[in-house]
Amino acid sequence: MLQRCILRPYHVLAMVLCVSAGEDFDWTKNERTSFYYGTFPTGFSWGAGTSAYQTEGAWNIDGKGMSIWDAFAHKKGKIVANDTGDTSCEGYYRFKDDITLMKDMKLNHYRFSISWPRILPSGLKSEHINEKGIKYYDDLINMLLDNNITPIVTLYHWDLPQFLQEKYGGWQNVSMVNHFNDFANLCFERFGKKVKYWITFNNPWSIAVEGYETGEHAPGLKLKGTGAYKAAHHIIKAHAKVWHTYDMQWRSKQKGLVGISLTADWGEPVDITNQRDIEAAERYIQFYMGWFATPIFNGDYPQVMKDYIGRKSGQQGLGASRLPVFSPQEKSYIKGTCDFLGLGHFTTRYVTLKNYPSGLGDSYFADRDLAELVDPKWPDPGSEWLYSVPWGFRRLLNFVKTQYGNPMIYVTENGVSEKMLCTDLCDDWRMQYFKDYIDEMLKAIKDGVNVKGYTAWSLLDNFEWDEGYSERFGLYYVDFRNKNKPRYPKASVQFYKRIISSNGFPNQREVESWKRKAVETCSSSNQLLAAARRKSQGNQEHAGMQKAWPVHDEV
Ligand code: NOJ
């Protein structure tokens, strides 16, 4: 690992922080390092998550249409090692085994997503409904319920039908609002008797910025300074429309909830006594979470976004702001369209002011006038961007409480990765990450934040978007080199299981024994994995000489 000794600029730049925290949250008394022993409220829901493209595989099976991720990953040079989600974890075939794993952990809920083109191959309801796709999700939902696991279902985890991209330009086109609403309505009709928690969009920030601004994600467009804002505008409208559809047509019969899942890092001012840093950190969060949350909870984009993007657009000689505008009717239609907030959170940045003079090119990042920094002391075991900073989680949760009227929150994603080549199932760093982040969430609940559930990301190692299989977020290790994709428990499975069965951290003595006990079991899993890999290597060598021997390792 690189030697780093001072705060260093991060490779992208970012946004806000509301320093006006809740009255009951005193930032100065908030000890960042002390551990709090205690338990979660009764009924707190523990779960794990995955998404369709990242785990299902079966990309062209049983009538499924192509998604933008199928198309993107099939282009050379877009994904690390040119990996694709074509087979991934083979979740489409192995969901029954996976439910057994969930049951063993005593999960209360499982968060997964529905692949839009698996159900509507072209994306259009008027064209063709793929009953085999419907059956797959129906079976999955039924089996979860049979095992007492509540399904939390995301309607859009990034896999837009490719046809809609080609024909209309995807989220650049306002017609997506109606097409998405048709798809959602079909899901409510077919699955709504059994599904009570719906998430419209997963992490729209990423859809907009990485899909339409930087092009790192599908559909790979680089429409700098405009594409992300336009995509986000349509996504927010689509979310609101789907919420209203549920509210008008299904809520009274089905009695479920519809929310959205927003992902945000925390942004901490580099110097908490410096007003310019405080404002830069505020912008960091407003351009991140506030971009979506403020219209949905309060009716319009954050003022600071309107000010900054408007001013910069003027300096660039544009007649109107690059940030689209909601009409008064739209504002009141969008406001209040969230029964619960899904929150994805992984890491934190320090933030300071950095001016981006106009003329250097428009971009979402330049619009924010800030720089991101990280502390070299923060642990960063896996993904380059993911530093473990547990105290940022408590701050973000309190920010949500203060800014958006203390909504009901389900943490929909939280976790940490390791690199592909790491085959050590004794994942001490992940146990530490979960322990510390979950504890900060417990402290936030004590602060009065209304958190109802927690979802570890992810149940399985899976396709990590443009990073392919090079980063592993799973509680379970997946051997992708074996065509059966066997799963092996990492030590964090045992550790998370104990958090769940104790509903928190009962006392120091007990919690301290958990890691020791988890490590005892993972060494035998390590041996199993090593033996299976040796066998599969042997098989491959043999296959090299004798041509194509299938590999059949099981856990
Ligand atoms: C958020 C995304 O929703 C999820 O799909 C991804 O795997 C995690 N971040 C980790 O990067």
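For the range 259-271, filtered to residues that are assigned to a strand (DSSP E or B) and of a type in the set (G, A, S), the residue that is nearest to the chain's Cα centre (by Cα) is S261.
Note on the range 33-51: among residues that are open to solvent by less than 10 Å² (accessible area, probe 1.4 Å) and out of contact with any Gly (no Cβ under 8 Å at 6 or more places or on another chain), the one that is nearest to N203 (Cα to Cα) is S51.
Entry remark, the range 456-479: residues being without any contact (Cβ under 8 Å) to a residue 40 or more places away in the chain and surrounded by fewer than 24 Cβ atoms within 10 Å (Cβ to Cβ) number 0 in total. Counting only helices (runs of 4 or more DSSP H) that fall entirely inside the range 82-193 and contain at least 1 residues that are of a type in the set (G, A, S) and open to solvent by 40 Å² or more (accessible area, probe 1.4 Å), no element qualifies. Just checking, how many residues over the range 268-304 are in contact (Cβ under 8 Å) with a residue 60 or more places away in the chain and within 15 Å of Y364 (Cβ to Cβ)? Number of matching residues: 12.
Taking the range 331-360 as the range and being open to solvent by 10 Å² or more (accessible area, probe 1.4 Å) and hydrophobic (A, V, I, L, M, F, W, C) as the test, the residues that pass are C338, F346, L353, L360. Whenever a residue of the range 320-345 is without any contact (Cβ under 8 Å) to a residue 24 or more places away in the chain, its partners that are among the small types (G, A, S), lying with C-beta atoms within less than 7 angstrom and at least six residues away or across chains, give the pairs A320/S313; S321/G310; S321/S313. I'm trying to understand the selection: among the residues of the range 424-433, which are part of a helix (DSSP H, G or I) and either surrounded by fewer than 21 Cβ atoms within 10 Å (Cβ to Cβ) or more than 16 Å from the ligand (Cβ to nearest atom) (or both)? Hits for the range 424-433 are D428, W429, M431, Q432.
Which members of the range 53-81 meet the condition of being part of a helix (DSSP H, G or I) and touching a Lys or Arg at 6+ places or on another chain (Cβ under 7 Å)?
Scanning the range 53-81 gives a single hit, F72.
Those helices (runs of 4 or more DSSP H) of the range 199-258 in which 1 or more residues are of a type in the set (A, V, I, L, M, F, W, C) and over 30 Å from K76 (Cα atoms) occupy 227-245.
So that you can scan it fast, the table gives a plain yes or no per residue for (1) away from the ligand (no atom under 16 Å from the Cβ); (2) of a type in the set (D, E); (3) open to solvent by less than 50 Å² (accessible area, probe 1.4 Å):
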residue: S261; (1), (2), (3): no, no, yes
residue: D271; (1), (2), (3): yes, yes, no
residue: A281; (1), (2), (3): yes, no, yes
residue: Y284; (1), (2), (3): yes, no, yes
residue: G290; (1), (2), (3): yes, no, yes
residue: V304; (1), (2), (3): yes, no, yes
residue: K312; (1), (2), (3): yes, no, yes
residue: L318; (1), (2), (3): yes, no, no
residue: R322; (1), (2), (3): yes, no, yes
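Screening the range 450-490 for residues that are among the polar types (S, T, N, Q) and touching a Ser or Thr at 6+ places or on another chain (Cβ under 6 Å) and picking the one that is farthest from the ligand (Cβ to nearest atom) gives N482. What pairs can you find where one residue is in the range 512-531 and under 11 Å from S492 (Cβ atoms) and in contact (Cβ under 8 Å) with a residue 60 or more places away in the chain, the other is open to solvent by less than 60 Å² (accessible area, probe 1.4 Å) and of a type in the set (G, A, S), and their Cβ atoms are less than 8 Å apart, with a gap of 6+ or different chains? Hits for this filter: K515/A491; A518/A491; A518/S492; V519/A491; C522/A491.
Table: residues versus (1) within 21 Å of the chain's Cα centre (by Cα); (2) in a loop (DSSP other than H, G, I, E, B); (3) modelled with pLDDT under 95.
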position	(1), (2), (3)
K435	yes, no, no
A444	yes, no, no
V449	yes, yes, no
Y477	yes, no, no
K485	no, yes, no
S492	yes, no, no
R498	no, no, no
S501	no, no, no
W514	no, no, no
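Could you identify the single residue in E384, E413, E372 that is surrounded by 21 or more Cβ atoms within 10 Å (Cβ to Cβ) and within 15 Å of the ligand (Cβ to nearest atom)? If you could, list the steps in order and put the result at the bottom.
Numbers: E384 fails: surrounded by 21 or more Cβ atoms within 10 Å (Cβ to Cβ); E372 fails: within 15 Å of the ligand (Cβ to nearest atom).
One residue alone meets the criteria, E413.
Considering the range 305-423, the qualifying helices (runs of 4 or more DSSP H), each wholly inside and each with 1 or more residues that are of a type in the set (D, E), run over 328-334, 364-367. Looking at this structure, is G256 free of Cβ contacts under 8 Å to residues at least 60 places away in the same chain and open to solvent by less than 10 Å² (accessible area, probe 1.4 Å)? So G256 fails the test. Just so you know, in the range 194-213 the residues that are surrounded by fewer than 21 Cβ atoms within 10 Å (Cβ to Cβ) and within 16 Å of the ligand (Cβ to nearest atom) include one that is nearest to M289 (Cα to Cα), and it is S206.
Candidates K78, K106, K64: the one that is over 27 Å from H345 (Cα atoms), among the charged types (D, E, K, R) and in contact (Cβ under 8 Å) with a residue 24 or more places away in the chain is K64.
Please work out if Y404 is under 22 Å from Y454 (Cα atoms), open to solvent by 10 Å² or more (accessible area, probe 1.4 Å) and within 17 Å of the chain's Cα centre (by Cα). Considered against the rule, which asks whether it is under 22 Å from Y454 (Cα atoms), open to solvent by 10 Å² or more (accessible area, probe 1.4 Å) and within 17 Å of the chain's Cα centre (by Cα), Y404 comes out as no.
The values are calculated or read from the model by the stated rules, or taken from the named source; none is laboratory data. Predicted model only: the values in this text are computed from it and were never measured. Using ideal geometry, Cβ is built from the backbone for each residue, glycine included, and neighbour counts are taken over all protein chains shown. The accessibility values were calculated without ligands, DNA or RNA, using every heavy atom of the protein model including side chains. Shrake-Rupley method; radii C 1.70, N 1.55, O 1.52, S 1.80 Å.
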